[in-house]
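These notes are about the structure you will find just below.
What follows draws every value from the coordinates through simple rules; no lab data is involved. Because the structure is a prediction, the values reported are computed rather than measured. All Cβ positions, glycine included, derive from the backbone under ideal geometry; neighbour counts span all protein chains shown.
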Amino acid sequence: MNRRILLDNPISPSSATTRPIELYVFIDPLCTDCWLLQPILRKLQIQYERYFTLRIALRTSMPAMNMKCLETNEDPKACSKLHPSFPSIAVKAAEFQGKRAGFRFLSKMLEYSFLKSRNVSSFSVLVEIAKKVNLDVDEFIRDFSSKNVLRALQVDLYLASEMEVETAPTFVYFNENIEDEGLKVSGLYTFAVYEQILEELLGESLFPDLPPTLDDLLHRFDTLTTEEIADIYRISEKSAERELKKRLLQQHVERLLVQDTTLWRRKPTTL
């Protein structure tokens, strides 16, 4: 198939209605391996999402919560300080606006931390990230300082304890048989490893979905590297960059240079 077509033509969604695998991915927002996992996880979602239901959970080794700050309901913005627990709290607050909102927030926070070297333990930086991914910022601030977000985080930590997850990243796969134990895979591996495990659990060959249009891809994941885009569409980085530059001239995308990494994002529409 012409790789150019994959970049331009929309793909109809999978007709599958059931997802036989339940996949928990435990992440520490301050973990370098979790940043490196992101392109792999995105590719798994694009190609094989019809086979599994994804649940992102937090496995953080953090000090005691700053409860005084968390319980300041009169003025949530007074929480404008630094704390190692804030990134995890922020992810759960973002998830209150939807599963994909939480994933976008986590992705952008990892980008801020590991590409832009911003301090994501700062409340003000987390609010900036919420704005970048188009969250309802007032709602995000309220949720950040609520007891509900702490309960949500405690659920993740309880899951990690029950599943004996000690490090991040860790994948835990469950099949449809509730009597079977989950398969735990700790550490960072190549895409092929996670793909093979999924296939073995299903007991059948995997058939990857074709990727969405580039516009839809950038809408879903906000920013992607040239390497990620090339890998997703199975074309060379040179070919991917050529197509992206065409869209840059047409003002359909924006190019961001961060250190030695090129990021691409969909150009915001102006009213």
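With the dipole of the range 106-260 worked out from charges on the C-beta (+1 for Lys and Arg, -1 for Asp and Glu) around the Cα centre, which of Tyr233, Leu214, Leu256 lies farthest toward the positive end?
Leu256
Cα to Cα, under 27 Å, and not fewer than 8 places away if on the same chain: which lysines meet these conditions relative to Lys43?
Filter leaves Lys92, Lys99, Lys108, Lys116, Lys131, Lys132, Lys184, Lys238, Lys245, Lys246, Lys267.
Between the range 201-271 and the range 83-113, what is the C-alpha centre distance in whole Å?
22 Å
Going by average Cβ density within 10 Å per residue, which order do the peptides 121-133, 234-246 take, highest to lowest?
So the order, starting with the most tightly packed, is 121-133, 234-246.
Karplus couplings for the range 144-149 from phi (6.51 cos²θ - 1.76 cosθ + 1.60, θ = phi - 60°), rounded to Hz, Gly and Pro as x?
With the stated coefficients, the range 144-149 comes to 4, 9, 8, 6, 4, 5 Hz.
Only Lys, Arg, Asp and Glu count, each charged at its Cβ (+1, +1, -1, -1), so figure out the dipole size of the range 103-144 about its Cα centre, rounded to 20 debye.
Dipole of the range 103-144, to the nearest 20 debye: 220 debye.
Multiply the residue gap between Thr213 and Asp260 by 0.36 nm, knock off their C-alpha separation, and tell me the result in nm, one decimal place.
14.3 nm
Per 10 Å bin, what percent of the C-alpha pairs of the range 174-232 does each bin hold, from zero upward?
Binned Cα distances yield the sequence 17, 35, 34, 14, 1.
Considering the alpha-carbon set of the range 130-236 alone, what are its Rg and its Dmax in angstrom?
18.5, 48
What ranking, highest mean first, results for peptides 48-58, 247-257 when packing means the other Cβ atoms within 10 Å averaged over each residue?
48-58, 247-257
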